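Here is the structure we will look at, set down as structure tokens.
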Ligand SMILES: O=c1ccn([C@@H]2O[C@H](COP(=O)(O)OP(=O)(O)O[C@H]3OC[C@@H](O)[C@H](O)[C@H]3O)[C@@H](O)[C@H]2O)c(=O)[nH]1
């Protein structure tokens, strides 16, 4: 039996971390999860040991690294709610900046020279142009986004001074769930759009609140770049293998390059789950850019990474069972071609070029629904 090579995965009990651990294990690594379980889930740690510890606890980090001698650190652990970061900046800077420094110090003092860091499209703030490339100015507009940008800058300084190599991965909107049904998205509280739409479809919440229908987008709702968590996991594996063979440090976007509107997600959930989706229209949420999607070409060039399972049908079909919803039909195989193409735009206000199969359910477009009270889609 071959010995699996250990990798320390901070935040490995969380959404993206746990999916990455599953893939790391399949690829022959031993994911050693280091997580304080504050927002992670013990049950999501199934592919290697769990060390319960906080990233701000330098002694506990030293002990974990001393015990397992990982070849690299994948640093997911962070607080990641934009809104909460505005009301609790101290927590965000202590965890996301202070914790990152502690993780980097533990790595470098133990001779670990490979670090993969979870960054975010939130570091770009409101983009000046779309798609957002890595050369776009990073001007975050929330403490969360600033804490991630600070993490990036600290990693780059450490790499220059201490001979470390890094992969900084800027996620766009992570979503979906393990296609084998072993893992899902379970943030507490859940604030992200797709899980909340599924919660509304399953009756777990009264309605999905939609924040703004008057954006300068094709249908008035915000456009985002939703990338399947299994694609994100694969990008981490590629980044790790890139660093292991001596590849240079890199900072890349992880997105699909294509935007999809909230309205299109409502339609997809209604169609795929055959459930009505109660909607409550609300004013815009402060700090939301109208459109945000990635230029994904650098990740393709540097890592050979492209999103393969991030069409909206696959995202909804894999996420739905986690909310007690049966998808009307499951994908033939993970990676099956979507029946719904994504909306491609040169800018958030540009016209759409979409090719859709007719929805099985009558769907009420946002523009024809009263902006007040509850409306039902599907
Ligand atoms: O209940 C909801 C939730 C979200 N939304 C809208 O749906 C879109 C997506 O919102 P989400 O909260 O899921 O995701 P966001 O785009 O705000 O940020 C997400 O991606 C970037 C990461 O760095 C952040 O950590 C993550 O929260 C936004 O336009 C938001 O206003 C709703 O209309 N209703």
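The values are calculated or read from the model by the stated rules, or taken from the named source; none is laboratory data. Computed from a predicted model, the values in this text were never measured in an experiment. Ideal geometry is used to build each Cβ from the backbone, glycine not excepted, and the neighbour counts take in all protein chains shown.
Okay, residues lined up against (1) within 16 Å of the ligand (Cβ to nearest atom); (2) touching a helix residue (DSSP H, G or I) at 6+ places or on another chain (Cβ under 9 Å); (3) under 22 Å from residue 16 (Cβ atoms):
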{"position": "73", "(1), (2), (3)": "no, yes, yes"}
{"position": "88", "(1), (2), (3)": "yes, yes, yes"}
{"position": "110", "(1), (2), (3)": "no, yes, no"}
{"position": "125", "(1), (2), (3)": "yes, yes, yes"}
{"position": "154", "(1), (2), (3)": "no, yes, yes"}
{"position": "165", "(1), (2), (3)": "no, yes, yes"}
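From the list 51, 103, 115, 32, the one residue that fits, being closer than 30 Å to residue 178 by Cα, at pLDDT 95 or above and assigned to a helix (DSSP H, G or I), is 103. Of 115, 86, all but one fail to be buried (at least 22 other Cβ atoms within 10 Å of the Cβ) and more than 18 Å from the chain's Cα centre (by Cα); the exception is 115. For the range 180-198, filtered to residues that are buried (at least 20 other Cβ atoms within 10 Å of the Cβ) and more than 9 Å from the ligand (Cβ to nearest atom), the residue that is modelled with the highest pLDDT is 198. Scanning the range 194-209 for residues that are assigned to a strand (DSSP E or B) and in contact with a helix residue (DSSP H, G or I) (Cβ under 6 Å, 6 or more places away or on another chain) turns up just one, 208.
Any chance the range 65-76 includes a residue that's farther than 24 Å from residue 247 by Cβ and crowded, with 23+ Cβ neighbours inside 10 Å? No.
Yes or no: residue 27 buried (at least 20 other Cβ atoms within 10 Å of the Cβ), in contact with a helix residue (DSSP H, G or I) (Cβ under 9 Å, 6 or more places away or on another chain), closer than 23 Å to residue 237 by Cα and touching a residue at least 40 places away in the same chain (Cβ under 8 Å)? So residue 27 fails the test.
Conditions tested, residue by residue: (1) part of a loop (DSSP other than H, G, I, E, B); (2) under 19 Å from residue 216 (Cα atoms); (3) within 16 Å of the ligand (Cβ to nearest atom).
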position: 237; (1), (2), (3): no, no, no
position: 241; (1), (2), (3): no, no, no
position: 256; (1), (2), (3): yes, no, yes
position: 260; (1), (2), (3): no, yes, yes
position: 267; (1), (2), (3): no, no, yes
position: 272; (1), (2), (3): no, no, no
position: 284; (1), (2), (3): yes, yes, yes
position: 287; (1), (2), (3): yes, yes, yes
position: 305; (1), (2), (3): yes, no, no
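For the range 243-254, residues that are part of a strand (DSSP E or B) and away from the ligand (no atom under 16 Å from the Cβ) total 1.
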